[in-house]
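The values are calculated or read from the model by the stated rules, or taken from the named source; none is laboratory data. Not measured: the values here are computed from a predicted model. So basically every Cβ, Gly included, is an ideal-geometry build from the backbone, and we count neighbours across all protein chains shown.
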Amino acid sequence: MGAVKQFLIICFIVFILSMIWEFSHQILYVDLSGIEKYAHLVIASFMDVIIILSLFMIVSLKNKNAVWIKKPCLFDYVLISLFGIIAAVLIEKINLTLGRWEYATIMPTILGIGISPLVQLSLTGIVSLAILHHFEKEE
């Protein structure tokens, strides 16, 4: 698969998974951003794409190439998970502090961070990578 095609497929997979996540978990938040709800969810999904692509770039730097995406090892998945959690903690702390959103009472939290956002980037990153790897096998 060509690099451009692979990049577009990654973006598409991450975007679709992020949209599903954002729309299904939005009831766990009180949006204080002032942006219309659905527009905010789409913007958040685009930001998720940028963040997850950044996580993939970090792993590419570690591997000194982007070919790892075709055959990721367990450590690559671990790095995506770890960096996804770190990114989520930073994003949540910043946006909660700035008052852009807050958690609804039904949001379960760990140390003041919602569980849903804690697992989102890691899970969507790993699932995106697994789906892409599946497409790579079929070609």
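Y29 passes all but one of (1) in contact (Cβ under 8 Å) with a residue 24 or more places away in the chain; (2) surrounded by 18 or more Cβ atoms within 10 Å (Cβ to Cβ); (3) within 16 Å of the chain's Cα centre (by Cα); (4) under 24 Å from I113 (Cβ atoms); which number fails?
So Y29 meets the others, but not (3).
For the range 43-57, name all the residues that are surrounded by fewer than 15 Cβ atoms within 10 Å (Cβ to Cβ), under 21 Å from I9 (Cβ atoms) and β-branched (V, I, T).
Result: I50, single match.
Being in a helix (DSSP H, G or I), modelled with pLDDT of 95 or more, under 13 Å from the mean Cα position of the chain (by Cα) and β-branched (V, I, T): is that true of I94 here?
On the way: in a helix (DSSP H, G or I): yes; modelled with pLDDT of 95 or more: yes; under 13 Å from the mean Cα position of the chain (by Cα): no; β-branched (V, I, T): yes.
Answer is no for this residue.
Which of the residues that make up the range 1-41 are polar (S, T, N, Q) and outside any loop (DSSP other than H, G, I, E, B)?
Within the range 1-41, Q6, S18, S24, Q26 qualify.
Can you tell me which residue among S45, S60 is more than 14 Å from L132 (Cβ to Cβ) and not aliphatic (A, V, I, L, M)?
Checking each option against the conditions leaves just S45.
Working carefully through the options A39, A88, A66, find the one that is more than 28 Å from K5 (Cβ to Cβ), surrounded by 13 or more Cβ atoms within 10 Å (Cβ to Cβ) and not β-branched (V, I, T). Walk me through how you get there before you give the answer.
Numbers: A39 fails: surrounded by 13 or more Cβ atoms within 10 Å (Cβ to Cβ); A66 fails: more than 28 Å from K5 (Cβ to Cβ).
So the residue among A39, A88, A66 that is more than 28 Å from K5 (Cβ to Cβ), surrounded by 13 or more Cβ atoms within 10 Å (Cβ to Cβ) and not β-branched (V, I, T) is A88.
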